[in-house]
Amino acid sequence: QVQLQESGPGLVKPSQTLSLTCTGTGGSITTDAYYWTWFRQPPGKDLECVGAISWRGNTYISPSLKSRASISRDASKNQFTLQLSSVIPEDTAVYYCARQTRLCSTTKREGDYWGQGTQVTVSS
């Protein structure tokens, strides 16, 4: 059974950098052929793909966030991390990590796994 758990701060000040880590259990981010992905969902808005890192280590960032977001991984800890710089209040959202067969699919597919999400609020 694959489990994903998000961790990081619940409150971040504007202009600071948000760092969220997803820890995987029951699967390997380097050997299991999936996209390891970060999503977010602001209040009342649609689910948005932030970016992903593939099992091969290739990264993808949503064009709208490419200037501010990066994704990296730590294979020894089976973790991958989202860093979002220069945060603004509009970055407030529930952030999810996921293991996906299709890159940045906002539809949950068979074989996909999602974390429970973590609330991040950007506020001074």
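The values are calculated or read from the model by the stated rules, or taken from the named source; none is laboratory data. All of these numbers come straight from a predicted model, not from anything done at the bench. Cβ coordinates were reconstructed from backbone atoms using ideal geometry, including for glycine residues, and neighbour counts include every protein chain displayed. The area values use the complete protein model at the heavy-atom level, side chains included, leaving out ligands, DNA and RNA. Shrake-Rupley method; radii C 1.70, N 1.55, O 1.52, S 1.80 Å.
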For segment 92-109, take each phi angle, set θ = phi - 60°, evaluate the Karplus expression 6.51 cos²θ - 1.76 cosθ + 1.60, and give the result in whole Hz per residue in order, putting x for glycine and proline.
4, 5, 8, 9, 10, 10, 8, 10, 10, 8, 10, 4, 6, 5, 8, 9, 6, 10
Residue by residue through segment 9-18, what is 3J(HN,Hα) from phi via Karplus (6.51 cos²θ - 1.76 cosθ + 1.60, θ = phi - 60°)? Round to whole Hz and write x for glycine and proline.
x, x, 9, 9, 7, x, 6, 7, 9, 8
Rounded to whole Hz, the Karplus (6.51, -1.76, 1.60) HN-Hα couplings of segment 31-48, x for glycine and proline
10, 8, 6, 9, 9, 9, 10, 10, 10, 8, 9, x, x, x, 10, 6, 5, 10
Between Tyr34 and residues 5 or more places away or on another chain, the pairs with built amide H atoms under 5 Å apart involve Trp55
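Any idea what diffusion coefficient the chain gets from Stokes-Einstein, in µm²/s, Kirkwood Rh on alpha carbon pairs, 20 °C, 1.002 mPa s? Write out the running numbers ahead of the final one.
Working: Rh = 14.2 Å.
For the chosen part, D equals 151 µm²/s.
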For Gly51, which sequence-distant residues (separation of 5 or more, or a different chain) have an amide H within less than 5 Å of its own amide H, given hydrogens modelled in the peptide plane?
Trp38, Ser62
Starting from the amide H of Thr92, placed 1.01 Å from N in the peptide plane, find each other amide H under 5 Å away whose residue is 5 or more places distant or on another chain.
Val122
Calculate what fraction, in whole %, of the accessible area of the chain sits on carbon and sulfur atoms when a 1.4 Å probe is rolled over the protein chains.
44 percent
About the Cα centre, and with charges only on the beta carbon of Lys, Arg (+1) and Asp, Glu (-1), how big is the dipole of the chain? Nearest 20 debye, please.
180 debye
Please work out the Cα center distance from segment 99-122 to segment 1-72, rounded to the nearest Å.
9 Å
Loop GluC sites (Glu not before Pro), segment 40-124, which have at most 12 other Cβ atoms in a 10 Å radius of their Cβ (DSSP)
Glu110
Skip the ligands, DNA and RNA, and give the accessible area per residue of segment 1-61 with a 1.4 Å probe, whole Å².
51 Å²
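How do 21-34, 57-70 rank on mean C-beta neighbours within 10 Å, highest first?
Details: 21-34: 16.4, 57-70: 14.1.
Averaged packing, sorted descending, gives the order 21-34, 57-70.
Using alpha-carbon pairs under 8 Å, 6+ residues apart, how would you state the relative contact order of the chain in percent? Each step should come with its number before you reach the end.
Working: 315 pairs, mean separation 43.6, N = 124.
Relative contact order of the chain: 35 percent.
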